[in-house]
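J.: Sharing a structure, written as structure tokens. Questions coming.
The values are calculated or read from the model by the stated rules, or taken from the named source; none is laboratory data. All of these numbers come straight from a predicted model, not from anything done at the bench. We place every Cβ from the backbone using ideal geometry, glycine too, and count neighbours over all the protein chains shown. Heavy atoms of the whole protein, side chains included, go into the accessibility calculation; ligands, DNA and RNA do not. Shrake-Rupley method; radii C 1.70, N 1.55, O 1.52, S 1.80 Å.
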Amino acid sequence: MFELRRKYKEELVSKLKEELQITNTMLVPRLEKIVISVGAGDYAKDSKIMQNIADTISLIAGQKAIITKAKKSVAGFKMREGMPMGVKVTLRGNMMYNFLEKLIVIALPRVKDFRGIKRNGFDGRGNYSFGLNEQLMFPEVVYDDIMVTHGMNITIITSTNSDKEAFKLLEMFGMPFAKGR
């Protein structure tokens, strides 16, 4: 457990310093946090389904997820202030490394016809976002316990402002990026 954290400290810091030509160890890119979020969409009106989604994301993340609420009313989306909008959880420290390891080693290889995650999910500030179509790829999720199949957005926030450095960091962690551009 926490193999990625050990690998980062013992191996990757020196490799990243060399490859990115960084002299100061404190400037080596590192993971800061991982945010997992689910937009509820049509299910926002059903509190049982919202709680089920929150419980599923909590199981996957290993940390309690919160149900986010609308900050203001938007008539076009039929949303009122205070209505549930989605579910999110922010992971830091050991929980973050544990989740990333589980994602890379267990969950992504279980996706049918998986050819890697897209390389174009970087935002220009060293953060990487991608989406998963369903939660069933995680081993903690029991099919009989879920009410609806839903996807999730995963955002990996790094300490660098460079997409190139963040890509190198994630690639060294073993993130299965798609071949090509």
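J.: Thr68's amide H: which non-local residues (gap 5+, or another chain) put their own amide H closer than 5 Å, with H modeled 1.01 Å from N in plane and none for Pro or chain starts?
T.: Residues meeting the criterion, in which the H sits 1.01 Å from N, are Met85, Gly86, Val87, Lys88.
J.: Something else about it: Skipping prolines and chain starts, which residues have an amide H placed within reach, meaning under 5 Å, of the one on Arg30, given they are 5 or more residues away or on another chain?
T.: Ser159, Thr160
J.: Can you run phi through the Karplus equation (6.51, -1.76, 1.60; θ = phi - 60°) for region 51-64 and list ³J(HN,Hα) in whole Hz, with x for Gly and Pro?
T.: Computed from phi, the couplings for region 51-64 are 5, 5, 5, 4, 5, 5, 5, 4, 4, 5, 7, x, 8, 5 Hz.
J.: Which stretch or stretches of region 80-109 have amide N atoms under 15 Å from the point lying 7 Å from Lys71's Cα along the Cα→Cβ direction?
T.: Correct set: 81-83, 85-86.
J.: Further, regarding this structure: Could you please report the charge total around Arg5, scoring K, R as +1 and D, E as -1 over all other residues with beta-carbon less than 11 angstrom from its beta-carbon? Walk me through the intermediate numbers first.
T.: Values: positive: Arg6, Lys7, Lys9, Arg30; negative: Glu3, Glu10, Glu101.
So the environment of Arg5 carries a net charge of +1.
J.: Amide H of Phe177 versus every other amide H placed in the peptide plane: which residues, excluding those fewer than 5 positions away on the same chain, fall under 5 Å?
T.: Residues meeting the criterion, in which the H sits 1.01 Å from N, are Ile117.
J.: Net charge near Glu19, counting Lys/Arg +1 and Asp/Glu -1 over other residues with Cβ under 10 Å of its Cβ? Kindly include the intermediate steps, with their values, before the conclusion.
T.: Numbers: positive: Lys15, Lys17, Lys168; negative: Glu18, Glu165.
For residues surrounding Glu19, the net value is +1.
J.: In the chain, once you exclude exposed GluC sites (Glu not before Pro) (DSSP loop, at most 15 other Cβ within 10 angstrom), what's the longest stretch remaining? Present the calculation step by step, with values, prior to reporting the outcome.
T.: Working: sites that count: Glu81, Glu134, Glu140.
Result for the longest clean stretch: 1-80.
J.: For a quick check of understanding: with a 1.4 angstrom probe and all protein chains in place, what accessible area in square angstrom does Thr149 have, to the nearest ten?
T.: Approximately 70 Å² of Thr149 is accessible to the 1.4 Å probe.
J.: Of Lys17/Lys179; Lys64/Lys168; Lys33/Lys168, which pairs sit farther than 19 Å apart, going by alpha carbon to alpha carbon? Let's see the in-between values first.
T.: On the way: Lys17/Lys179 25 Å; Lys64/Lys168 30 Å; Lys33/Lys168 17 Å.
Pairs exceeding the cut-off: Lys17/Lys179; Lys64/Lys168.
J.: Additional query: How many percent of the accessible area of the chain is carbon or sulfur, using a 1.4 Å probe?
T.: Numbers: 5300 of 10720 Å².
C and S atoms contribute 49 percent here.
J.: Provide, in order from the shortest bin, the percent of all Cα-Cα pairs of region 1-79 in each 5 Å bin, continuing until the bin that contains the maximum pair distance.
T.: 3, 11, 16, 13, 11, 9, 9, 9, 9, 8, 2
J.: Let me ask another. Once the dipole of region 129-176 is set up with Lys and Arg at +1 and Asp and Glu at -1 on Cβ about the Cα centre, which of Thr149, Thr160, Gly131 lies farthest towards its positive end?
T.: Thr160
J.: Enter the Cα centre distance for the pair region 64-80 and region 112-159, rounded to the nearest angstrom.
T.: Centre-to-centre (Cα) distance: 22 Å.
J.: Name the shape class, rounded, prolate or oblate, that the alpha-carbon gyration tensor gives for region 93-181, where a ≥ b ≥ c are the square roots of its eigenvalues, rounded holds for a/c under 1.5, and otherwise prolate holds if a/b is larger than b/c and oblate otherwise.
T.: It is prolate, given that a/c is not under 1.5 and a/b is the larger ratio.
J.: HN-Hα J couplings of region 167-176 from phi, Karplus 6.51/-1.76/1.60, θ = phi - 60°, integer Hz, Gly and Pro as x?
T.: 4, 4, 4, 5, 5, 5, 5, x, 4, x
J.: Given a 1.4 angstrom probe, what's the average accessible area per residue across the chain, in square angstrom?
T.: Details: 10720 Å² over 181 residues.
Here the per-residue accessible area is 59 Å².
J.: Are there any trypsin sites (Lys or Arg not before Pro) in region 1-85 that are in a DSSP loop and have at most 16 other Cβ atoms within 10 Å? List them by number.
T.: Passing both the DSSP loop test and the Cβ count: Arg30, Lys64, Lys71, Lys72, Lys78, Arg80.
J.: Apply the a/c threshold of 1.5 to the C-alpha gyration tensor of region 1-150 and tell me whether it is rounded, prolate or oblate. Please list the in-between numbers first.
T.: On the way: a/c = 2.28, a/b = 1.71, b/c = 1.34.
Prolate is the answer for region 1-150, as a/c is 1.5 or above and a/b outweighs b/c.
J.: What does the net charge come to around Asn52 if you take all other residues with beta carbon closer than 13 Å to its beta carbon, with K and R at +1 and D and E at -1? Working shown, then result.
T.: Numbers: positive: Lys48; negative: Asp46, Asp55, Asp144, Asp145.
Here the charged neighbours net out to -3.
J.: Taking θ = phi - 60°, what integer Hz values does the Karplus form 6.51 cos²θ - 1.76 cosθ + 1.60 yield along region 136-148, in sequence order, with x for Gly and Pro?
T.: 6, 6, 8, x, 6, 7, 9, 4, 5, 8, 9, 8, 9
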